Amino acid sequence: MSEKWKYSMVSIGFLAMCAMGFIFPVHITADNAVDPPQPVLSGESETITITGKAGNGNEETPGEWFAGDAPSQPISNAPVLLFVPGLNNVAQVFWEDNEMYETSLNAGYQTAFIQMHDAGGASADMWDNGESLAVKIEEI
């Protein structure tokens, strides 16, 4: 089997595991664990437009970002973990019915979450999302 073929199969396997949700660890908590407070809206968008597919219940504003709670035992010199939702998703996906925020916080990381142009609705232009993300990374 050629090297190129091996790498292709590994890449396909990794993408399949991501799609099926096997990459992220299962959340294990102690009996006395307390859910962290929800992230707080910290940065508002310069635009006032609301996006989202009609009737889906999402009215997120592109460019808004949320700061997670400060970790009780922060990792020295650790970067802020910025959670960027995937296509047609919202920032809340990382803390509602999901332990990614809690796991990061408990591991000692400061977190932030951003709404993109296609938050929960119709797909948006990747260049618009990229431009907005570049500006917000500096702000965050």
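The values are calculated or read from the model by the stated rules, or taken from the named source; none is laboratory data. Note that this is a predicted model, so its numbers are computed, not measured. Cβ coordinates were reconstructed from backbone atoms using ideal geometry, including for glycine residues, and neighbour counts include every protein chain displayed.
Summary of computed values
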read-out: Test: residue in segment 61-78 that is closer than 26 Å to residue 35 by Cβ, surrounded by 12 or more Cβ atoms within 10 Å (Cβ to Cβ), at pLDDT below 90 and in contact with a helix residue (DSSP H, G or I) (Cβ under 7 Å, 6 or more places away or on another chain); value: no
read-out: Yes/no for residue 69 being in a loop (DSSP other than H, G, I, E, B), over 17 Å from residue 136 (Cβ atoms) and in contact (Cβ under 8 Å) with a residue 24 or more places away in the chain; value: yes
read-out: Where a residue in segment 83-101 is assigned to a loop (DSSP other than H, G, I, E, B) and its partner, wherever it lies, is of a type in the set (Ser, Thr, Tyr), with Cβ under 7 Å and at least six apart; value: 87/123; 88/123; 95/101
read-out: Failed item in (1) farther than 13 Å from residue 62 by Cα; (2) in contact with a Phe, Trp or Tyr (Cβ under 9 Å, 6 or more places away or on another chain), with residue 84 passing the rest; value: (1)
read-out: Output for segment 103-130, where each listed residue is among the acidic types (Asp, Glu) and either under 14 Å from residue 40 (Cα atoms) or not in a helix (DSSP H, G or I) (or both); value: 118, 125
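Table: residues versus (1) crowded, with 21+ Cβ neighbours inside 10 Å; (2) modelled with pLDDT under 90; (3) hydrophobic (A, V, I, L, M, F, W, C).
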site	(1), (2), (3)
89	no, yes, no
94	yes, no, yes
101	yes, no, no
113	yes, no, yes
128	no, yes, no
135	no, no, yes
